[in-house]
1. Tell me the residue from P430, P410, P364 that is in the same structural domain as P462 (by TED's automatic domain parsing) and within 25 Å of N547 (Cβ to Cβ), please.
2. In the list E451, E432, which residue meets the criterion of being buried (at least 18 other Cβ atoms within 10 Å of the Cβ), over 21 Å from L352 (Cα atoms) and under 9 Å from the mean Cα position of the chain (by Cα)?
3. Please enumerate the residues belonging to the stretch 470-512 that are basic (K, R) and either modelled with pLDDT of 95 or more or touching an Asp or Glu at 6+ places or on another chain (Cβ under 8 Å) (or both).
4. For L258, state whether it is of a type in the set (A, V, I, L, M), under 18 Å from N439 (Cα atoms) and at pLDDT 85 or above.
5. Can you name every one of the helices (runs of 4 or more DSSP H) wholly within the stretch 498-579 that holds 2 or more residues which are under 27 Å from the mean Cα position of the chain (by Cα)?
6. All but one of (1) at pLDDT 95 or above; (2) more than 30 Å from T250 (Cα to Cα) hold for L519, so report the exception by its number.
7. What tally of residues in the stretch 448-477 results from selecting those that are under 14 Å from S345 (Cα atoms) and either in a loop (DSSP other than H, G, I, E, B) or of a type in the set (F, W, Y) (or both)?
8. For the stretch 286-304: of the residues being in a helix (DSSP H, G or I) and of a type in the set (A, V, I, L, M, F, W, C), which is nearest to E574 (Cα to Cα)?
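The values are calculated or read from the model by the stated rules, or taken from the named source; none is laboratory data. Just so it is clear, the structure is predicted and the values come from calculations on it, not from any experiment. Reconstructed Cβ throughout: ideal geometry from the backbone, glycine too, with neighbour counts over all protein chains shown.
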Amino acid sequence: MGQKKLFLFRLKTNRLIWLIGITVAAIVVYRYFQFPYGNNTLPNGFYVDKIAKSGSSGFQAADLPFEPEIFNNVTIFNQANYTGAHGPETVTKTKTSEKKDTISTPGFVSESEIASNKSSGFHESDERSLVDSVRLSGDKSTIEKAKNLGPSSYNNTTGANLTKEVDISSGSEHKLAAPPDFTPSISPSTEVSTNFTPPVLSNGPNKTDSVNGERFKTSKGDVNILGKNSSTTILPKENKDSNIPVPEVTSISEMNKLLLQYHASNRSMPRWSSAADQELLQARSEIENAPVVENVENLYAPLYRNVSTFKRSYELMEQTLKVYVYREGSKPVMHSPHLLGIYASEGWFMRLMEVDKRFVTKDPKKAHLFYLPFSTRMLEHTLYVKNSPSYSNMIEYLHNYVDLIAGKHPYWNRTEGADHFLVACHDWAPSETQDHFANCIRALCNADVKEGFVFGKDVSLPETKVYSAQNPTKRVGGQPASRRTTLAFFAGGMHGYVRPILMKHWENKDPDMKIFRNLPRSRANRIYVDYMKSSKYCICAKGYEVNSPRVVEAIFYECVPVIISDNFVPPFFEILNWESFAVIIPEKDIPNLKSILLSIPEKRYLEMQMMVKKVQQHFLWHRNPVKYDIFHMILHSIWYNRVFTAIAR
């Protein structure tokens with residue numbers, strides 16, 4: 001009798017296991033056929049746990065453009081918290097007052113400017129500020145935790161000091177030292193690619209400008225983090241997909257090859273075709289078959305890779321380009337242009353783009369490009385917690401912003417963001433945008449080949465030091481070549497590892513080489529400016545990052561720039577022939593700096609100095625933009641890269 005009961009028990013158990021197996025199989029089959037776009041495989045092995053629903057940006061392959069549901073608030077999605085190496089850091093999302101944050105820092109847009117902006121088309125979004133949703137806890141325990149991570153990552157003595165200091169020599173603010181590198185602390189509901197290499201920790205500079213190690217570097221691995229509820233689609237970073245090998249130190253000639261290879265091998269395929277796509281294809285055909293021109297008014301042919309294609313591309317931009325500017329998001333991070341200092345490029349572009357009447361369209365269906373108007377400078381100013389070893393809250397803020405855009409509009413997921421662009425000058429911008437904006441066109445001041453800059457897609461943004469918002473071209477120009485008596489000039493703080501090497505070999509070593517750590521204080525940096533105006537060559541040595549405002553300053557003061565920054569992609573690289581008006585020297589050749597400069601024949605120097613004056617028009621901001629100025633050149637480079645990567649169905 002006992003054996004019979006045991007037999008019946010086993011029979012019932014087997015039936016139960018069989019039913020469970022059938023149920024699981026049915027669920028798997030159901031999810032397979034319900035997966036967005038009819039495909040159950042995502043790149044990099046990542047899986048989205050929720051099927052796109054009505055009102056989100058995900059849609060089936062056969063779906064047509066739709067009118068999206070408008071959300072009145074922002075959902076905070078699951079996001080990995082980046083931490084230091086000694087344990088997780090808690091990101092506390094606090095619900096605060098609905099009142100908008102205000103900033104009264106000197107140098108920011110004045111109340112009169114804001115009023116003017118509102119009358120010109122700027123306005124606050126009805127969306128609740130995202131800032132309140134992603135602010136890190138500022139309690140003492142969190143800050144103390146950041147301070148006590150140990151000597152290998154962060155401490156009070158050699159850690160990153162985030163106090164603004166004035167660079168006596170150049171008059172520019174010292175760039176904020178970034179927090180030490182981090183490793184991701186993954187929440188259980190977050191899917192993460194396993195292709196991630198933790199970076200090496202490093203210390204930041206201290207107040208005395210002594211060098212304690214290299215600046216924070218983001219991981220060179222391809223890490224993609226996406227909350228389950230995210231409405232955005234993210235593909236692997238394109239520089240990984242292109243399979244184009246990048247050497248350790250990339251020369252200008254190698255950069256040229258990478259640019260051509262990218263345009264030849266990478267295309268963005270929209271999920272539905274539009275009239276704008278056809279216009280891009282037509283523009284590409286006309287640019288590729290541009291009639292050969294030799295004499296072009298205001299364009300000196302040797303300055304350009306191909307003056308004929310540039311001329312035709314610029315004409316087509318003026319005739320064709322339409323940009324849709326998103327109005328979502330609240331100040332101070334969105335729609336708040338910062339017009340002074342070394343990060344002014346992103347602010348000036350935002351200000352001019354948002355009030356533009358020539359290129360901006362209010363109908364997104366007519367747009368060739370979509371502008372995401374956020375400021376990485378204001379993002380850092382608003383959200384970064386002093387002494388924190390992490391800026392994961394800033395990454396989360398931008399992630400939520402993209403979800404907001406993708407949830408309200410269908411256009412992001414039409415191309416996975418490939419027809420969207422951002423303009424960002426802060427040093428941290430590449431790492432802040434490397435995942436959720438990987439497919440966007442990113443105009444970056446920190447254009448570093450080794451830090452994810454993608455040739456043919458991303459744009460090198462000029463870093464411009466602006467002293468006067470009312471007159472940004474004040475003091476432009478310099479001495480004629482015959483009165484430039486100093487061979488080479490540099491002055492600046494000891495940021496990064498290159499400048500100390502420069503000092504070691506040339507500080508107070510040669511009367512022809514005016515190489516200084518600091519200069520005496522002077523009104524409006526007169527001593528510094530006078531040196532640039534009277535020197536033949538101006539040394540543009542990298543600091544913590546590859547970019548430096550000295551490149552544009554040299555052009556501004558008509559001094560031939562000498563760029564010493566391995567893997568730096570010069571501004572407007574896809575258009576300008578930098579070797580025609582600048583000297584680019586590998587970091588390893590710093591000991592030979594003088595002999596290299598003296599080896600340049602006088603005739604060649606005079607040609608280069610003349611071309612610096614001719615290229616100057618492309619690097620000047622104007623309150624009311626003029627043809628070929630920096631505003632139009634930034635927009636043209638973005639347009640050009642979009643034209644050469646777009647494919648319509």
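1. P430
2. E432
3. Across the stretch 470-512, the qualifying residues are R483, R484, R499, K504.
4. Numbers: of a type in the set (A, V, I, L, M): yes; under 18 Å from N439 (Cα atoms): yes; at pLDDT 85 or above: yes.
The answer is yes for L258.
5. Correct list: 498-506, 550-556.
6. (1)
7. Within the stretch 448-477, residues that are under 14 Å from S345 (Cα atoms) and either in a loop (DSSP other than H, G, I, E, B) or of a type in the set (F, W, Y) (or both) number 10.
8. The selected residue is L303.
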